[in-house]
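Got a structure for you, questions after.
The values are calculated or read from the model by the stated rules, or taken from the named source; none is laboratory data. Everything quoted here is computed from the prediction, not taken from an experiment. Methodologically, a virtual Cβ is constructed for each residue, glycine included, from the backbone with ideal geometry; neighbour enumeration extends over all protein chains shown. The accessibility values were calculated without ligands, DNA or RNA, using every heavy atom of the protein model including side chains. Shrake-Rupley method; radii C 1.70, N 1.55, O 1.52, S 1.80 Å.
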Amino acid sequence: MACTHDHSCEDHDCSSNWSLYKHIDLAKVTALNEANPGSVKSVFKAWEERLNSAGERLESNEGDPELLVYIPKAAAESWRTLNMSLGCDWEVSYPLKGPHMGPDVVDEGPGAFAKFTSDVKIKSISVVGGADGTSPSKLRVFINREGIDFSDAQSMQPVQEWELVENLQGVLEYQTRYSKFQSVANITLHFPESFGGDTTQIHYIGFKGEATQLKRDVVATIVYEITPNPSDH
């Protein structure tokens, strides 16, 4: 099912307010079989810029239209200060321990700081491809799987797949099976073929949805100053 934008996007949850662009860690986005290494980062942009093709584009190597794109989520660095009292005259120094504490503990001085990340829920995916048969004709999606290569993508069952159409004007969005796209930490897009072109070209990839604010990968440190009460001596 595709949204063709023949309505008020603000009223149908398909405006830029629902774009997940800001949750993508662009520095870690990668692609296999891209003709120009690093060009994949150029296709992730604000929803309003989806038709701006003046810059770089993602293109496969000549004669091989298959592309594989890996997109991680961005770390939402939300720090929470925990003011804790021991209810006694002495304050002691020790690291916070527990099953959710990671190894990357940073001493930030007195106080406690917890670093959290957010997963996302994906409602729809939009792809703007190239002209003259170079647009991708099929999309297969895998979620929360790392290290997928072409052999894996060709043999694994995707979470969902779509037969695409040439969407040069950016008016189509492919709706996901929403119940399967909850708590997405990373997503891999497999474009196995184009519409007959020698390469596959992509100018824009966009996601619509919302951040879940699920707290993950917690690390924390608690440090107390040693401050004896003089009245005890």
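Please identify the pairs in which a residue from the stretch 169-182 that is of a type in the set (A, V, I, L, M, F, W, C) has its Cβ atom under 8 Å from the Cβ atom of a residue that is open to solvent by less than 60 Å² (accessible area, probe 1.4 Å) and in a loop (DSSP other than H, G, I, E, B), counting only partners at least 6 apart or on another chain.
As it stands, the answer is VAL171/HIS5; PHE181/VAL159, since those pairs meet every condition given.
May I pose another question? If TYR178 satisfies every condition in (1) modelled with pLDDT of 95 or more; (2) under 17 Å from the mean Cα position of the chain (by Cα); (3) open to solvent by less than 30 Å² (accessible area, probe 1.4 Å) but one, which is the exception?
For TYR178, the exception is condition (3).
Among (1) touching a residue at least 24 places away in the same chain (Cβ under 8 Å); (2) acidic (Asp, Glu); (3) over 19 Å from PHE44 (Cβ atoms), where does GLU161 come up short?
Failing condition for GLU161: (1).
Just to confirm my filter: which strands (runs of 3 or more DSSP E) fall fully inside the stretch 19-86 and include at least 1 residues that are modelled with pLDDT of 90 or more and not aliphatic (A, V, I, L, M)?
The strands (runs of 3 or more DSSP E) meeting that bar are 30-32, 67-72.
Restricting to the stretch 31-52, name every residue that is open to solvent by less than 70 Å² (accessible area, probe 1.4 Å) and either free of Cβ contacts under 8 Å to residues at least 60 places away in the same chain or not hydrophobic (A, V, I, L, M, F, W, C) (or both).
Passing the criteria: ALA31, ASN33, GLU34, GLY38, SER39, VAL40, SER42, LYS45, ALA46, ARG50.
If only one of ASP217, ASP152, ASP198, ASP132 is of a type outside the set (Ser, Thr, Tyr), in a loop (DSSP other than H, G, I, E, B) and either at pLDDT below 95 or over 17 Å from GLU34 (Cα atoms) (or both), which one is it?
Going through ASP217, ASP152, ASP198, ASP132 in turn, the sole match is ASP132.
Something else now. State whether one or more residues within the stretch 91-102 are part of a strand (DSSP E or B) and either at pLDDT 85 or above or under 24 Å from the mean Cα position of the chain (by Cα) (or both).
no
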